[in-house]
Amino acid sequence: MLEISGLNLVIFVLLVLAILFLKLAIKIVSQSDIIIIERLGKFHKEISGGFHLIFPVLDVPRAVITIREQLIYIDKQQVITKDNVNISVDGIVYLKVTNGKMAVYNVEDYKMAISALAMTTLRGEIGGMNLDDTLSSRDRLNAALQMALCDAADNWGVKIMRVEISEISVPAGIEEAMNMQMKAEREKRAIELNAEAKKAALIRNAEALKQEQVLNAEAIERMADAKKYEQIAISLGQKEAIRNINEAMSENVNAAEFLLAKGRVEAFLELAKNESKDKIIVPYESSELIGALSVLKDFIGKKND
């Protein structure tokens with residue numbers, strides 16, 4: 001009975017040792033992590049997500065590192081600008097481990113190293129810039145920080161994804177002075193815009209007046225040309241009429257008397273159309289009218305012959 005009990009004990013111990021061995025040998029790694037394995041104190045391999053077997057006692061997990069993107073906060077710090085203004089700055093660094101071996105063996109703590117490097121780089125960049133440039137050039141600061149951190153992080157197996165300056169704080173007195181300056185600039189800009197608008201309005205009015213005067217001058221010139229052409233046409237007509245009268249007088253000696261008689265008849269007809277009761281036709285005028293009619297009769301008769 002004792003021998004059987006001793007055998008069972010040995011078997012039990014072996015089972016326990018086997019379970020412990022398997023537990024130490026089997027490594028199930030999360031997909032978002034990597035594990036650095038050392039063999040006898042020296043780097044052996046890097047295992048990633050999934051099922052893995054290692055040799056217990058000889059192989060020991062050195063570190064578990066996440067390969068997800070990580071955030072490192074740059075603590076708020078006091079920085080002096082080129083124009084001697086003391087400001088407070090903080091930010092965020094986004095990074096990702098790309099080489100677990102380098103991240104473990106090339107630097108003691110890559111997060112602390114990147115945070116310290118970011119602070120010193122930020123002081124150096126802002127120290128070479130004026131306050132106005134610092135406040136208006138966050139993109140420039142972000143790019144400078146990322147470039148400086150990338151050069152160092154490559155040796156640590158870390159990739160800097162991006163860097164963001166989250167806040168830049170200035171003293172209350174400086175902020176008040178900046179607000180007053182901004183208000184003055186806005187008022188100055190408003191005055192300049194108002195002056196430019198008035199100037200533009202005056203120019204437009206002057207151009208409109210000039211255009212109006214040009215149009216009036218052109219209209220007067222056209223009217224003068226029209227009257228000129230009208231007078232020329234009238235003079236040509238009168239010239240042609242006088243030529244016709246001269247020709248008629250040369251052909252008929254009674255042509256002049258015909259024209260005078262025609263004028264008298266037309267005048268008498270106009271007088272007859274007048275409704276005024278004050279008009280009086282004296283015998284002299286009647287005799288003149290009869291004489292004119294006889295002249296017209298004779299002239300027309302000779303013309304028909």
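The values are calculated or read from the model by the stated rules, or taken from the named source; none is laboratory data. In this text the structure is predicted, and so the values were computed from the model without any measurement. Here the Cβ positions follow ideal geometry from the backbone for every residue, glycine too, while neighbour counts run over all protein chains shown.
Specify the residue that is farthest from Leu17 (Cα to Cα); the eligible residues are those in segment 36-61 that are in a loop (DSSP other than H, G, I, E, B) and of a type in the set (A, V, I, L, M, F, W, C). Step through it out loud before you land on a result.
If we filter segment 36-61 for residues that are in a loop (DSSP other than H, G, I, E, B), which is where we start, we get 40-41, 48-49, 54-58.
Subset that is of a type in the set (A, V, I, L, M, F, W, C): 40, 54-55, 57-58.
On the way: Leu40: 21, Ile54: 16, Phe55: 14, Val57: 13, Leu58: 16 Å.
Filtering segment 36-61 for residues that are in a loop (DSSP other than H, G, I, E, B) and of a type in the set (A, V, I, L, M, F, W, C), the one farthest from Leu17 (Cα to Cα) comes out as Leu40.
Go through Val79, Val89, Val104 for me and flag whichever is among the hydrophobic types (A, V, I, L, M, F, W, C), in contact with a Lys or Arg (Cβ under 8 Å, 6 or more places away or on another chain), surrounded by 13 or more Cβ atoms within 10 Å (Cβ to Cβ) and at pLDDT 90 or above.
Val104
Out of the residues in segment 24-54 meeting the condition of being among the basic types (Lys, Arg) and surrounded by 10 or more Cβ atoms within 10 Å (Cβ to Cβ), tell me which one is nearest to Ala103 (Cα to Cα). Let's see the steps before the verdict.
Taking segment 24-54 as the starting set, the residues that turn out to be among the basic types (Lys, Arg) are 27, 39, 42, 45.
Subset that is surrounded by 10 or more Cβ atoms within 10 Å (Cβ to Cβ): 27, 39, 45.
On the way: Lys27: 21, Arg39: 18, Lys45: 14 Å.
Only one residue tops the list, namely Lys45.
When the residues of segment 144-169 are filtered to those that are surrounded by fewer than 16 Cβ atoms within 10 Å (Cβ to Cβ) and among the polar types (S, T, N, Q), which remaining residue is farthest from the chain's Cα centre (by Cα)?
Asn155
Being of a type in the set (Ser, Thr, Tyr) and touching a residue at least 60 places away in the same chain (Cβ under 8 Å) is the filter here, so list the residues in segment 108-166 that pass it. Give the steps one after another, and end with the answer.
First, pick out the residues of segment 108-166 that are of a type in the set (Ser, Thr, Tyr): 110, 115, 120-121, 134, 136-137, 166.
Listed by number, the list holds a single entry, Ser166.
So for segment 174-189 (the condition being touching a residue at least 24 places away in the same chain (Cβ under 8 Å) and within 18 Å of Tyr73 (Cα to Cα)), does at least one residue qualify? If you could, list the steps in order and put the result at the bottom.
Filtering segment 174-189 for residues touching a residue at least 24 places away in the same chain (Cβ under 8 Å) gives 174.
From what's left, within 18 Å of Tyr73 (Cα to Cα): none.
Checked segment 174-189: no residue is touching a residue at least 24 places away in the same chain (Cβ under 8 Å) and within 18 Å of Tyr73 (Cα to Cα).
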